[in-house]
Amino acid sequence: MEEQELKDTLGKNIKVFRSLKQLSQADLADKAGISITFLSNIERGNNFPLAGTLCNLAKALDVEVFELFKGDLVPSDSKEVISRLSKDIIRKMNLAVIDIFKQYLG
């Protein structure tokens, strides 16, 4: 595995686990003791954390460190993430429509 591919896999997996745990970048960064900017750069594959930070991220996500490097994690889990995201978007759209109707119908 090339270095950039390793960074990309790590970043995608952290993002998937973070989404599954329903954590914002700010929440995870706080739990792992890093800045939001650094976490964002890791998730985009621009930075690679030191071993201690990897351990902190894994602990904050309640996973083992090796799970952050699984190459096949994103495809199998992305369906669940997309499903949860879709449900959340639909729920928020429904609430927005109700608010609009209330404004116009009194």
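The values are calculated or read from the model by the stated rules, or taken from the named source; none is laboratory data. Here the structure is a predicted model, which means the values were calculated and not measured. Cβ: placed from backbone, ideal geometry, glycine included. Neighbour counts: every protein chain shown.
When the residues of region 1-34 are narrowed to those that are among the small types (Gly, Ala, Ser) and within 15 Å of the chain's Cα centre (by Cα), which ends up farthest from Lys70 (Cα to Cα)?
Ala26
Hey, among Leu28, Leu10, Leu6, Leu105, which residue is of a type in the set (A, V, I, L, M) and in contact (Cβ under 8 Å) with a residue 60 or more places away in the chain?
Going through Leu28, Leu10, Leu6, Leu105 in turn, the sole match is Leu6.
What are the pairs with Cβ atoms under 7 angstrom where one residue, in region 39-53, is without any contact (Cβ under 8 Å) to a residue 60 or more places away in the chain and the other, located anywhere, is outside any helix (DSSP H, G or I) and surrounded by 16 or more Cβ atoms within 10 Å (Cβ to Cβ)? Sequence gap at least six, or different chains.
Asn41/Asn47; Ile42/Pro49; Thr53/Ile34
Identify, by number, the condition in (1) in contact with a helix residue (DSSP H, G or I) (Cβ under 7 Å, 6 or more places away or on another chain); (2) surrounded by 13 or more Cβ atoms within 10 Å (Cβ to Cβ); (3) at pLDDT 95 or above that Gly33 doesn't meet.
Just one mismatch for Gly33, condition (2).
Going through region 20-53 one residue at a time, which ones are of a type in the set (Lys, Arg) and under 13 Å from Lys7 (Cα atoms)?
Once the filter is applied, which keeps residues that are of a type in the set (Lys, Arg) and under 13 Å from Lys7 (Cα atoms), region 20-53 yields only Arg44.
Wholly within region 1-104, which helices (runs of 4 or more DSSP H) include no fewer than the required count, namely at least 1 residues that are hydroxyl-bearing (Ser, Thr, Tyr)?
3-20, 36-43, 51-61
What number of residues within region 80-106 satisfy the criterion of being hydrophobic (A, V, I, L, M, F, W, C) and closer than 28 Å to Phe17 by Cβ?
7
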